[in-house]
Every structure is written in structure tokens, then in C-alpha cells.
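Please treat every number below as a calculation from the coordinates, not as lab data. If you're wondering where the values come from, they're calculated on a predicted model, not measured in any experiment. Neighbour counts are summed over all protein chains in view; Cβ atoms, including those assigned to glycine, are modelled from backbone coordinates with ideal geometry.
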Amino acid sequence: MTMIINKRRAITLSVIGLILLLPVVGMQFSNEVNWTSSDFVVAGILLAIMGFSIELVYYFIKNRSQRLIFLAVILIFGFLIWAEMAVGIFGSPIAGN
């Protein structure tokens, strides 16, 4: 059981790292992508929270339909928070408005 958890954790951390590499590559080819170190920290924290929340869902919830519902909720909330911080779609204080 611990081998599966460690493998899942390694996959989670790898996916987070790959997602954070996308803006790094984008900054090399375009001036439109302009991330600072604080942007990477905040994105890393958000992705880590999402990734480990997904890992907890897989660990604790055994029913497939309930698991899919929880995973969808985590992903929707994570992407909405990401979009709010990126462009301020709701005009909340976390977007800098």
C-alpha cells in the first residue's frame, strides 16, 4: 500500500513541476509571459494544495462516483481560483482589484 501512495505522490509532484515549467518555457519565447518568483510560489502552493487534496480523495473515498464528484469539485475550484488570480474574472481582492 505504501508503494502505491509513494508512486502517486511522485506522480503528483511531477505533474506540479511540469505545470510550473510551462510559464518558464513561455518566458523564453515571448514577452507576454512575465512571471515573477512570487507568481511561481503562489502557483506552486495552489497546485500543491490541489494535488494533495486529490491524493486525499483517492486515499479516503472508495466509492467511484463520490470520488469523481470530489475530484471535479477540487479541479473546478482550483481552476476558478487560478483564473481569478490571473485575470480577475470576479473582481475579488485576490486579483488585485
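Both numbers refer to the Cα atoms of the stretch 2-95; Rg and Dmax are 15.3, 46 Å. Distance between the 7 Å Cα→Cβ label points at Glu84 and Ile45: 1.5 nm. This ranking places Ile54, Ile81 by how few other beta-carbon atoms lie within 10 Å of each, fewest first, which gives Ile81, Ile54. Extension gain, Lys7 to Gln66, is 19.0 nm, computed as 0.36 nm per intervening residue step minus the present C-alpha separation.
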